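Here, each number is a calculation from the coordinates, and none is a lab measurement. Since the structure is predicted, the reported quantities are computational estimates derived from the model, not experimental observations. Cβ coordinates were reconstructed from backbone atoms using ideal geometry, including for glycine residues, and neighbour counts include every protein chain displayed.
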There are 2 protein chains.
Amino acid sequence: MSKSSNGRLPRLEDVAELAGVSHQTVSRVINNHPNVSKATREKVEAAIAELGYRRNTAARSLVTRRSQTIGVLGSELAQYGPANTLLGVEQAARDAGYFVSIAALRSVSRDAIFDALRHFTDQSVDGIAVLVPHSETLRILEEFNPGVPVVAVGSLGDDAVSGAMVDQKRGAELAVGHLIELGHRRIAHVAGPSDWIDGSLRAEGWRAALDEAGLPHDLLLEGDWSAGSGYEFGRRLAAERTATALFVGNDQMALGILRAFNEAGVRVPDDVSVVGFDDQPESGYFTPPLTTVRQDFEELGRRCMDIMLKEIEAGAAVSSTIVTPELVRRASTASPVTEH
Amino acid sequence: MSKSSNGRLPRLEDVAELAGVSHQTVSRVINNHPNVSKATREKVEAAIAELGYRRNTAARSLVTRRSQTIGVLGSELAQYGPANTLLGVEQAARDAGYFVSIAALRSVSRDAIFDALRHFTDQSVDGIAVLVPHSETLRILEEFNPGVPVVAVGSLGDDAVSGAMVDQKRGAELAVGHLIELGHRRIAHVAGPSDWIDGSLRAEGWRAALDEAGLPHDLLLEGDWSAGSGYEFGRRLAAERTATALFVGNDQMALGILRAFNEAGVRVPDDVSVVGFDDQPESGYFTPPLTTVRQDFEELGRRCMDIMLKEIEAGAAVSSTIVTPELVRRASTASPVTEH
DNA sequence: ATGTATGTTGTTAGCGCTCACAATTGTCAG
DNA sequence: CTGACAATTGTGAGCGCTAACAACATACAT
């Protein structure tokens, strides 16, 4: 960081003096105001470069009441999905000249969310992205109006809050449709927790796809997203052998199921086909490689920022955006072996 | 957010008026200055509560030249390790009353790092945690002095920069020691890239442990941390069969190797033992469950903040901290089958 | 009473910036 | 040459806070 001779960082006034103009003119230059003559602008820019001047964010915030910061509130920020969404948000935000402040929830509760929101309002963020794909999230957000645009990622939003989500139902239908196409008739679902938006929407999609094909949807298990819960269900399913195919709520649970099936001698895909959800980078190297539904989390994050920036900078109304998932076919699915 | 009757957020002056004191007294109360009488303090606190007053961060920053924000600069923030380290940093920082600003590097280069550091100095952060475990990182950090404490996570630091790291060499020795104890004599290493600190230190630990046991260390392959590169090496190793045991640089590459071995009919651990590094939540559900070295990334993040806060608040000198990893034994390792 | 130390409260200035407005310059029709 | 208007530049105030200092009250020793 360059300092002026007196040991202080240069400020607007210093630039103005060097360029022989008023501080206000310098302010106009750095804010790209139109009515500045070309000659003046160049003089000022030269002075800025010479001094290595950088605008003081705090002073600017104080008067504009804008912090150029957006807050990201997340509950599982280390997980593949949220972490990559965060990356998308960060990229779009920084490209637009915003800082990104984060707050990780240690638990999903009203108080924890309020705490984090207050943390952000204390910082006077200009917008908040909420990565808490819980069914309660929207309701809680309605109670606490932070006075700035909020985007609830993973939901469609409502009257007060914008939304950005991947079309979970569509994803589930892709997965189940693929299994039906292969000839499966008994397709079970190992779901995520039903109080998670993604969990319930994927289950809904599974049900809808089976309904449409006139197939039964009586085989539903509810896990907790973890490989461990997948493993438990895998053991049970290996013993029961009621379904010829499994649509699993995420890749981690699918991994646990593959592990349990391998232990129990159930062959995938020969005996049972398995489809996951998310397409983590590792899923193509499971044993066997996992057919799954890819979600573009970074794109989701960028879309979230698109919406938010339009609200912040153009005063746009609350809106929402939907990202379409896609099926990735790998070795864990095949046609069922017809019994004679 | 509560507003005063005139529609503006309450400020110090409003609280002072309501409490019947000067704004400076209110300032003393919210900053916990000692010389305030109990009666006054209570009056002020009541007024603060009544108005829902919250201090304006920008105004405070402007005069204190402190932003109460720490910046986290990361290169692979969505990966298991860095993501959890970030969580540890966030937790410690927020508990200490700091905001956490992030900047994700799209590529590891001098320019990208400078960009991100400038982003943080623009924000006048009070400290910077650098999660870029690249050998070049320290050198680059020396060139750009941000004027605030910096902790290079994943390294020991140097004269100018503090460090916080997991004892990678120790971890490697634990892994290799375990294999030696089981009776293995030919132990190969599938390393991470040698220009990553972790990659080179783990390779060093592998070499040191073999040296000490008087065993050869000629079987070294260098991957790129991805499951895909593990898979490629796995195919090669399955064909060559030179080693009876493998120490793999991380769990993801180990997953790729397990996949390749499974395809090639190489049984783990019967034919070859495999040890990974990291202990991701999924590693216990690989086929077979992976013996690996656990790193406590959240702890690493917290320790990083300990150091930084001591530098920021107590003016402590540059220092460093080391977190000890631990071996997790699972089914992917066993004694070699003795040949007759 | 006087002086000194201590605790408590108030007053003033200013951090670096942007906004609203004032002042100055240039341009061109009449 | 003058007046009206637009383009450009400058001036002053103030955002909300803390630091430095001043002022006042209280206590106690002299």
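Here are some notes:
- For A:PHE277, the residues whose amide H sits under 5 Å from its own are A:ASN250, A:ASP251, A:VAL293, ignoring neighbours fewer than 5 places away on the same chain, with H placed 1.01 Å from N.
- Qualifying trypsin sites (Lys or Arg not before Pro) for region B:211-280 [loop in DSSP, other Cβ within 10 Å: at most 14]: B:ARG241, B:ARG267
- Within region A:165-201: backbone nitrogen closer than 18 Å to the A:ARG139 label point (7 Å, Cα to C-beta): A:193-201
- Alpha carbon centroid spacing (whole Å) that separates region B:62-101 from region A:26-93: 19 Å
- Calculated SAXS-style log₁₀ I(q)/I(0) at q = 0.11, 0.12, 0.13, 0.17 Å⁻¹ - region A:85-169, Debye, Cα scatterers: -0.28, -0.33, -0.39, -0.69
- For region A:196-249: rounded, prolate or oblate by the Cα gyration tensor [a/c cutoff 1.5]: oblate
- The charge dipole of chain B, taken about its Cα centre with unit charges on the Cβ atoms of Lys, Arg (+1), Asp and Glu (-1) only, comes to about 1180 debye.
- Quotient of Cα Rg and 2.2 N^0.38 Å for region A:267-340, N being how many residues it contains: 1.67
- If you run the Gaussian network model on chain B, springs between alpha carbon atoms under 10 Å, then out of B:ILE187, B:ILE48, B:ILE128 the most flexible one is B:ILE48.
- Label geometry 7 Å along the beta-carbon vector: A:GLU136 inter-copy distances in nm: 4.7
- Helical mean residue ellipticity (222 nm; -39500 (n - 2.57) per DSSP H run of 4+; nearest 500) of chain A: -14000 deg cm²/dmol
- Between B:ARG66 and A:ASP167, the modelled label-to-label distance comes to 5.2 nm, taking each label 7 Å out from Cα in the direction of the beta carbon.
- Using the Cβ-Cβ distance between B:ARG185 and A:ALA49 with R0 = 56 Å, the FRET efficiency computed as 1/(1 + (r/R0)^6) comes to roughly 0.30.
- Residue with peak Gaussian network fluctuation, chain B [Cα springs, cutoff 10 Å], from B:ARG60, B:ARG11, B:ARG186: B:ARG11
- The eigenvalues of the Cα gyration tensor, multiplied by 5 and square-rooted, give region B:1-123 an equivalent ellipsoid with semi-axes of 39, 15, 14 Å from largest to smallest.
- In terms of other Cβ atoms within 10 Å, B:VAL150, A:VAL100, A:VAL29 run from fewest to most in the order A:VAL29, A:VAL100, B:VAL150.
- GNM top mover of B:ASP14, B:ASP126, B:ASP270 - chain B, alpha-carbon springs below 10 Å: B:ASP14
- Sorted by Cβ neighbour density within 10 Å, fewest at the top, the residues A:HIS23, B:HIS217: A:HIS23, B:HIS217
- For the protein assembly as shown, a Kirkwood hydrodynamic radius built from all Cα pairs, placed in the Stokes-Einstein relation at 10 °C and 1.306 mPa s, yields a translational diffusion coefficient of 58 µm²/s.
- Counted by neighbouring Cβ atoms within 10 Å, the residues A:LYS38, A:LYS310 run from fewest to most as A:LYS38, A:LYS310.
- Over region A:4-161, relative contact order from alpha-carbon pairs under 8 Å, at least 6 apart, %: 19 percent
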